[in-house]
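Visitor: To start, I am sharing the structure in question, which I have written as structure tokens.
The values are calculated or read from the model by the stated rules, or taken from the named source; none is laboratory data. The model shown is predicted, which means the values in this text are computed figures rather than measured ones. Don't worry about glycine lacking a Cβ; one is built from the backbone with ideal geometry, like all the others, and counts go over all protein chains shown. With ligands, DNA and RNA removed, areas are computed over all heavy atoms of the protein, side chains included. Shrake-Rupley method; radii C 1.70, N 1.55, O 1.52, S 1.80 Å.
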Amino acid sequence: MGKIIDGKMISQDIKDEIKNFVENRKNRGLRAPKIVSLLVGNDGGSIYYINSQEKLATSLGVSFNKLLLDEKIKEDKLINLIEDLNRDKNVDGIIVQLPLPNGLNEKKIINTISPSKDIDCLTFNNQGKLYCGDKVFLPCTPNSVITLLERYNIELEGKNVVVVGRSNIVGKPVAQLLLNKNATVTICHSKTKNLKDICKNADILVVAIGKAKYINKEYVNKDSIILDVGTSSYNGKITGDVDFDNVINEIKMITPVPGGVGALTTTLLIRNSCEALEYNENENFNS
Ligand code: NAP
């Protein structure tokens, strides 16, 4: 039976590290990190997400301000607000909840965030750094995949890693991070031929397609290590892209859904605010 890669346990370890970081600063008379998250309008998913970010940040001692803005806010007003936050030395991380309501230029607004406070790695500047292999706040879901592999001491160098999915928020950045770690990376998508054979030959398989239980035992081998990013609703339950029950006896290791990749993402976002605070204090981020 395959071993479970426990995202909840790793997430708890990182939460403890964040708490220690904040306490250690407080003991030295230094302030805690501060995140400001902007929500424009009332998108249900974004409200849920921002509330869970707030709850977790607060429980770890990280200051979290929610700015709830009218969906009819003018674009230049929103941009001015972000520019004010960019200048505020007591703000370390700025998050703009996506999607924005129609009529607002999402790319322009996101790219107003100072790269040194872009803890979600959404600005072109930070994404460019990511693709150049430079140090940058890592985007949370791709970073969750890498963090789980590293914390389980799974070697990446020279490994044959297959990423299924090529979205800008998951597939492409996770492939780039794996490449930065010297893995040999193949990216697959909906037009890929022989997907089963390509997946079956992978040492590590990362799946982010948004199709519940799509990957079954025909796509794996007995040494497969599987990172399942998918979160679809299936019979009312959050379900991954991998048919867990079908593959569990045929592989080496796997992340469950829930409790795998997704269990880390918000924790890593908050950890990025700690890194932002340190970088900005040391003024070395944009050098
Ligand atoms: P997306 O933007 O819809 O992209 C899906 C990708 O999968 C596309 O590149 C698509 O190929 C590819 N694809 C779709 N069907 C395929 C198939 N049958 N065979 C091969 N490739 C296929 O989705 P996303 O935003 O990357 O999200 C993917 C999944 O991860 C979703 O379930 C999402 O909810 C989940 N997710 C989870 C977290 C988390 O924290 N756990 C965070 C973000 C996303 P084409 O490019 O050819 O269309």
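Visitor: How large is the helix-only mean residue ellipticity at 222 nm for the chain, computed as the sum of -39500 (n - 2.57) over DSSP H runs with n ≥ 4, divided by its residue count, in deg cm²/dmol to the nearest 500? The partial results should precede the final answer.
Guide: Values: 10 runs with 114 residues, N = 287.
The helix-only estimate for the chain comes to -12000 deg cm²/dmol at 222 nm.
Visitor: Additional query: For ILE79 and ASN51, compute 0.36 nm times the residue count separating them, minus their Cα-Cα distance, and round to one decimal in nm. Let's see the in-between values first.
Guide: Details: separation 28, 0.36 × 28 = 10.08 nm, distance 2.30 nm.
Once the chain is fully extended between ILE79 and ASN51, it gains 7.8 nm.
Visitor: Here's another thing I want to ask about it. Against the longest alpha carbon principal axis of the chain, how many degrees, from 0 to 90 and to the nearest 10, is the axis of helix 75-87 turned?
Guide: It works out to around 80 degrees.
Visitor: If you scale each eigenvalue of the Cα gyration tensor by 5 and take the root, what three semi-axes come out for the chain, rounded to whole angstrom and sorted largest first? Present the calculation step by step, with values, prior to reporting the outcome.
Guide: Values: eigenvalues 223, 88, 67 Å².
Whole-Å semi-axes of the equivalent ellipsoid: 33, 21, 18.
Visitor: Give the carbon-plus-sulfur fraction of the accessible surface of the chain in %, rounded to a whole number; probe 1.4 Å, heavy atoms of protein chains only. Could the numbers behind the result be given before it?
Guide: Values: 6640 of 14170 Å².
Answer for the chain is 47 percent, counting heavy atoms of protein chains only.
Visitor: Okay, moving on. With a bin width of 10 angstrom, please list the P(r) values of region 29-115 as percents of all Cα-Cα pairs, from the 0 bin to the one holding the largest distance.
Guide: Result returned by the calculation: 17, 50, 29, 4, 0.
Visitor: With 10 Å bins from zero, work out the P(r) of region 101-218 over every alpha carbon pair and list the percent per bin.
Guide: The percentages, shortest bin first, are 13, 40, 31, 14, 2.
Visitor: Something else: Looking at this model, which pairs from LYS135/LYS172; LYS159/LYS237; LYS191/LYS211; LYS3/LYS222; LYS66/LYS211; LYS191/LYS237 are more than 22 angstrom apart at the alpha-carbon?
Guide: On the way: LYS135/LYS172 17 Å; LYS159/LYS237 33 Å; LYS191/LYS211 15 Å; LYS3/LYS222 12 Å; LYS66/LYS211 32 Å; LYS191/LYS237 28 Å.
With Cα atoms farther than 22 Å apart: LYS159/LYS237; LYS66/LYS211; LYS191/LYS237.
Visitor: With a cap of 15 neighbouring Cβ atoms within 10 Å, and only residues DSSP puts in a loop, list the trypsin sites (Lys or Arg not before Pro) found in region 195-286. Could you put the intermediate results ahead of the total?
Guide: On the way: sites: LYS196, LYS200, LYS211, LYS213, LYS217, LYS222, LYS237, LYS252, ARG271; in loops: LYS211, LYS213, LYS222, LYS252.
Sparse-neighbourhood loop trypsin sites (Lys or Arg not before Pro): LYS222.
Visitor: Another one. Tilt of helix 265-282 relative to the longest C-alpha principal axis of the chain, in degrees (0 to 90, nearest 10)?
Guide: The angle comes out at about 50 degrees.
Visitor: Related question: Pairs of Cα atoms under 8 Å, at least six residues apart: use those to get the relative contact order of region 29-115, whole percent.
Guide: Working: 105 pairs, mean separation 35.5, N = 87.
The normalised contact order for region 29-115 reaches 41 percent.
Visitor: Heavy-atom accessible area per residue, region 1-132, 1.4 Å probe: how many Å²?
Guide: 53 Å²
Visitor: Pairing the Cα long axis of helix 140-151 with the longest principal axis of the chain, what angle in degrees results, from 0 to 90 and rounded to the nearest 10?
Guide: 60 degrees
Visitor: Roughly how many nanometres apart are two label points built 7 Å out from the Cα toward the Cβ at ASP70 and LYS252?
Guide: 5.8 nm
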